[in-house]
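Below is one structure, written out as structure tokens, with a few remarks after it.
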Amino acid sequence: MKFISWNINGGLQTKLDDKAFVNFLCTYDLVFLTECWFEKDFSFHLPDYNCHLFPRLKAKSVQGGGSVILIKKCFSTVIDIETCILDSMV
């Protein structure tokens, strides 16, 4: 299994418009993208991947935030995403 974690540092949509960036991501089985700076209604899909979006609301962080986890579908039966919402954390 091949995986990557990458701090996107904002502007995820612009990066997704870059075919070279998307092709690079598709060379991995598991992808963690952090600091993506997307709104809560944001969505995107990559063929052969399950996409999990975790927006961070601007009320909690004026700088943005948000994370994306991409799991290649062939691993989706052995990898489970657990979520936890901590209202007290800023």
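Under the condition of being farther than 12 Å from ILE69 by Cα and of a type in the set (Ser, Thr, Tyr), the residues counted in the stretch 4-40 number 2.
Among the residues making up the stretch 62-80, those that are surrounded by fewer than 12 Cβ atoms within 10 Å (Cβ to Cβ) and at pLDDT below 80 are VAL62, GLN63.
Search the stretch 15-39 for residues being outside any helix (DSSP H, G or I) and over 19 Å from ILE81 (Cα atoms), and hand back the single one that is least open to solvent (accessible area, probe 1.4 Å). Step through it out loud before you land on a result.
Taking the stretch 15-39 as the starting set, the residues that turn out to be outside any helix (DSSP H, G or I) are 17-18, 26-39.
Now restrict to residues that are over 19 Å from ILE81 (Cα atoms): 17-18, 26-27, 37-39.
On the way: ASP17: 110, ASP18: 74, CYS26: 49, THR27: 71, TRP37: 130, PHE38: 18, GLU39: 101 Å².
For the stretch 15-39, the residue satisfying everything is PHE38.
For the stretch 1-57, a tally of residues being without any contact (Cβ under 8 Å) to a residue 12 or more places away in the chain and of a type outside the set (S, T, N, Q) returns 11.
Matching residues to (1) of a type outside the set (A, V, I, L, M, F, W, C); (2) outside any loop (DSSP other than H, G, I, E, B); (3) surrounded by 11 or more Cβ atoms within 10 Å (Cβ to Cβ); (4) at pLDDT below 95:
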residue	(1), (2), (3), (4)
GLN13	yes, yes, yes, yes
ASP41	yes, no, no, yes
PRO47	yes, no, no, yes
LEU57	no, no, yes, yes
THR83	yes, no, no, yes
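The values are calculated or read from the model by the stated rules, or taken from the named source; none is laboratory data. Note that the structure is predicted; figures quoted are calculated from it, not measured. Note that each Cβ is placed from the backbone with ideal geometry, even for glycine, and that neighbours are counted across all protein chains shown. The area values use the complete protein model at the heavy-atom level, side chains included, leaving out ligands, DNA and RNA. Shrake-Rupley method; radii C 1.70, N 1.55, O 1.52, S 1.80 Å.
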